[in-house]
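Inspection log for the structure reproduced underneath, given as structure tokens.
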Amino acid sequence: MSNYSSALVFLESLAGYVICGLVAILGFVVIWLILTSRIDLSHLLSEKDGSGASMSRFQLLIFIFVIALSFFLVVIANIKILQAKGSYDHLPVLPDVPNGVLALLGISASSYAVSKAIQHGAGKSGNGGGGAEARAGGAPGGRPPEGD
Amino acid sequence: MPEVTQLIVWEALIFLFALFGIVVIQILTGAINARGLLEGTTSGGTRFKSTGRVQLLIATIVTAVQYLSQVVDNSQKFPDIPQNWLPLFGSSQVIYLGSKFHALYGKDSDS
């Protein structure tokens with residue numbers, strides 16, 4: 001029985017290392033592709049119509065980084081607490097995201113949508129935004145309009 | 001041989017900070033186009049420094065820093081957003097959208 005148990009523990013560790021290695025390779029490839037510009041981030045903040053950087057996109061980018069880092073810190077803190085206690089009776093669970101955080105992200109995303117609607121409406125009525133930009137000599141940096 | 005959990009922690013930390021670092025460096029060096037982040041466009045196509053965007057940028061950064069500091073202070077659980085933050089943040093968004101609406105649909109008097 002003890003042999004069976006140690007074999008299971010070994011298998012568990014092996015699976016952990018293999019998954020960890022695969023995720024590390026995936027992460028490394030993504031970072032490498034970004035660094036070599038094969039994943040192009042140059043239009044990460046740009047408006048669709050090429051009229052400059054979008055405040056809503058920038059805001060969403062900041063919030064995503066903050067929430068991702070917070071989530072990671074909370075998960076690590078919970079694991080450390082369990083390790084310090086030395087009790088592995090129950091596995092650590094992923095933390096609940098509070099409603100306030102969801103509301104904050106919702107407000108940000110809604111603002112982005114409304115902002116796009118305003119721009120789209122202005123473009124349709126021939127009253128400004130990207131249309132005016134295009135008429136005035138094209139997008140900054142010479143970028144043609146493209147999809148998201 | 002490090003434990004799997006320690007390996008995962010370092011792996012995630014390196015990935016997150018590498019991604020964050022790349023984005024910040026590319027914004028600072030201009031590789032990510034952040035031109036016109038604080039500028040609005042009027043219906044005539046002219047650009048102007050937008051106070052609505054500036055106040056939204058300040059509100060965003062303040063909210064993000066406050067939230068991160070809360071997490072660092074007590075990282076055992078996700079801190080909730082204080083109730084008075086949401087109306088303030090919502091107001092900031094409304095000001096930004098209002099200024100955008102006014103610039104695009106109002107008279108072109110900003111040029």
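The values are calculated or read from the model by the stated rules, or taken from the named source; none is laboratory data. Worth saying up front: this structure is predicted, and the values here are computed from it rather than measured. With ideal geometry, Cβ positions are generated from the backbone for all residues, glycine too; neighbour counts draw on all protein chains shown. To get the accessible areas, we keep the full protein, side chains included, count just its heavy atoms, and leave off ligands, DNA and RNA. Shrake-Rupley method; radii C 1.70, N 1.55, O 1.52, S 1.80 Å.
Residues of the stretch A:22-57 being assigned to a helix (DSSP H, G or I) and open to solvent by less than 30 Å² (accessible area, probe 1.4 Å), which ones?
A:GLY27, A:ILE31, A:ILE34, A:MET55, A:SER56
Put simply, of B:GLY30, B:GLY36, B:GLY52 the only residue that is farther than 30 Å from A:LEU35 by Cβ and either open to solvent by 30 Å² or more (accessible area, probe 1.4 Å) or among the small types (Gly, Ala, Ser) (or both) is B:GLY52. Of the residues screened, B:GLY21 is not one that is facing another protein chain (nearest Cβ under 7 Å) and of a type in the set (Gly, Ala, Ser). Tell me, please, whether a residue that is assigned to a loop (DSSP other than H, G, I, E, B), more than 8 Å from chain B (Cβ to nearest Cβ), surrounded by 15 or more Cβ atoms within 10 Å (Cβ to Cβ) and not acidic (Asp, Glu) can be found in the stretch A:94-111. Checked against the condition, which is being assigned to a loop (DSSP other than H, G, I, E, B), more than 8 Å from chain B (Cβ to nearest Cβ), surrounded by 15 or more Cβ atoms within 10 Å (Cβ to Cβ) and not acidic (Asp, Glu), the stretch A:94-111 yields no hits at all. Figure legend. Inter-residue proximity from the stretch B:91-106: first residues under 17 Å from B:GLY36 (Cα atoms), second residues open to solvent by 40 Å² or more (accessible area, probe 1.4 Å) and of a type in the set (Asp, Glu), beta-carbon distance below 8 Å, spacing 6+ or different chains. Indicated pairs: B:ALA103/B:ASP110. Within the stretch B:94-101, the presence of a residue that is open to solvent by 20 Å² or more (accessible area, probe 1.4 Å) and over 28 Å from A:ILE118 (Cβ atoms) is excluded. Please indicate, with yes or no, whether at least one residue in the stretch B:64-75 is open to solvent by 20 Å² or more (accessible area, probe 1.4 Å), at negative phi, assigned to a loop (DSSP other than H, G, I, E, B) and at the interface with another protein chain (Cβ under 7 Å from one of its Cβ atoms). Yes: one or more hits. Under the condition of being at the interface with chain A (Cβ under 7 Å from one of its Cβ atoms) and basic (Lys, Arg), the residues counted in the stretch B:26-52 number 1.
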